[in-house]
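Please read the structure below before turning to the comments.
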Amino acid sequence: MVMRMKITTEIKDEFVLINVKGTLSIENISPFETLLNKYVDEKRHILIDLSEMTFIDSSSLGIIVVYYTKSEKNSKHFSLININGDIMQMFKITGLDKRIKIFDNLESAAQNLDFSI
């Protein structure tokens, strides 16, 4: 059974905001990966809002690392915002919280990355 996920995007002047709701796993990662690929190819700064994410598996973490690395090679920001405790624990266990910039909210990300929102 494929877990439910919903993705919305909001294109801003300086970045794209991707909101992931529900479960992100190998069974439903394709639309998320397609979006990341599109925005990395367009050389956009990417912020991903995980406030409504309920689960993430290791393959999804791997996809995030792949596109984080690609963004970095393009000299673009790739950051995560609004991560809840359970999801944050996955980033801490894997050490990704030390590698990928994570912000408490959109406002702090915009301030630190010098974006207007």
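Can you check what the net charge comes to around Asp104, using other residues whose Cβ is under 13 Å from the Cβ of Asp104 (Lys, Arg +1; Asp, Glu -1)? If you can, show how the numbers build up before the last one.
Values: positive: Lys101; negative: Asp49, Asp97, Glu107.
Value of the local net charge: -2.
The list (i) 41; (ii) 21; (iii) 77 gives values of percent of Cα pairs over 23 Å apart, and only one came from this structure; which label was calculated from it?
Here percent of Cα pairs over 23 Å apart agrees with entry (ii).
For Ser116 and Asp86 in one chain, what is 0.36 nm times their gap in residues minus the Cα-Cα distance, to one decimal in nm? Show your work: numbers first, answer last.
Details: separation 30, 0.36 × 30 = 10.80 nm, distance 2.95 nm.
Full extension from Ser116 to Asp86 adds 7.9 nm.
What trypsin sites (Lys or Arg not before Pro) does region 1-45 have in DSSP loop regions with at most 12 other beta carbons within 10 Å? Kindly include the intermediate steps, with their values, before the conclusion.
On the way: sites: Arg4, Lys6, Lys12, Lys21, Lys38, Lys43, Arg44; in loops: Arg4, Lys12, Lys43, Arg44.
Filter output for region 1-45: Arg4, Lys43.
Evaluate the distance, in nm, between pseudo-label points positioned 7 Å from the Cα of Asp41 and of Thr9 along their respective Cα→Cβ axes.
The two pseudo-label positions are separated by 1.0 nm.
Across the chain, how many lysine pairs, 8 or more apart or on two chains, come within less than 22 Å at their alpha-carbon atoms?
28
A short reminder: the numbers here are calculations on the coordinates, not readings from a lab. These numbers come from a predicted model, not from an experiment. As a convention, Cβ positions derive from the backbone with ideal geometry for all residues, glycine included, and neighbour counts pool all protein chains shown.
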